[in-house]
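Have a look at the structure below, then the notes.
The values are calculated or read from the model by the stated rules, or taken from the named source; none is laboratory data. Please read these numbers as outputs of a predicted model, since none were measured by experiment. Heads up, the Cβs are rebuilt from the backbone with ideal geometry, glycines too, and the neighbour counts pull from every protein chain shown.
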Amino acid sequence: MMNCKQATRLLSERMERTLTTKEKLALRLHTSMCSSCRRFGNQMDDIRLLSKRYMSAELKDKEE
C-alpha cells in the first residue's frame, strides 16, 4: 500500500512525466481513500492550469 509521502511524490512527478500503469493504479487507490492527498492532487492540477493560463496571457501581451 502506498503512503502519503509516496503519493505526493507521484502527484508532483505526474506533471513532468507519464506515470506507469502500476503507479497510476496505486495513486488512484491511495487518493480514493486519502482526502489530504486528493486535495494536494487537486491543488497541483489547479496550479498547473493557472500557470498555463498565465503563460498564455503573457504570450498574447507580447504579441500585441
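Structural remarks
- Scanning the stretch 7-25 for residues that are more than 15 Å from Gly41 (Cβ to Cβ) and part of a loop (DSSP other than H, G, I, E, B) gives Arg17, Thr18, Thr20.
- Residue that is surrounded by the most Cβ atoms within 10 Å (Cβ to Cβ), among those in the stretch 33-53 that are among the hydrophobic types (A, V, I, L, M, F, W, C) and in contact (Cβ under 8 Å) with a residue 12 or more places away in the chain: Cys37
- All positions within the stretch 1-32 that are over 23 Å from Leu49 (Cα atoms), loosely packed, with under 10 Cβ neighbours inside 10 Å and modelled with pLDDT of 95 or more: Lys5, Thr21, Lys22
- Search result, residues across the stretch 46-64 that are of a type in the set (D, E, K, R) and either more than 18 Å from Glu16 (Cβ to Cβ) or modelled with pLDDT of 95 or more (or both): Asp46, Arg53, Glu58, Lys60, Asp61, Lys62, Glu63, Glu64
- Taking the criterion of being closer than 13 Å to Met1 by Cβ and in contact (Cβ under 8 Å) with a residue 12 or more places away in the chain, the residues of the stretch 19-32 that qualify are Ala26, Leu27, Leu29, His30, Thr31.
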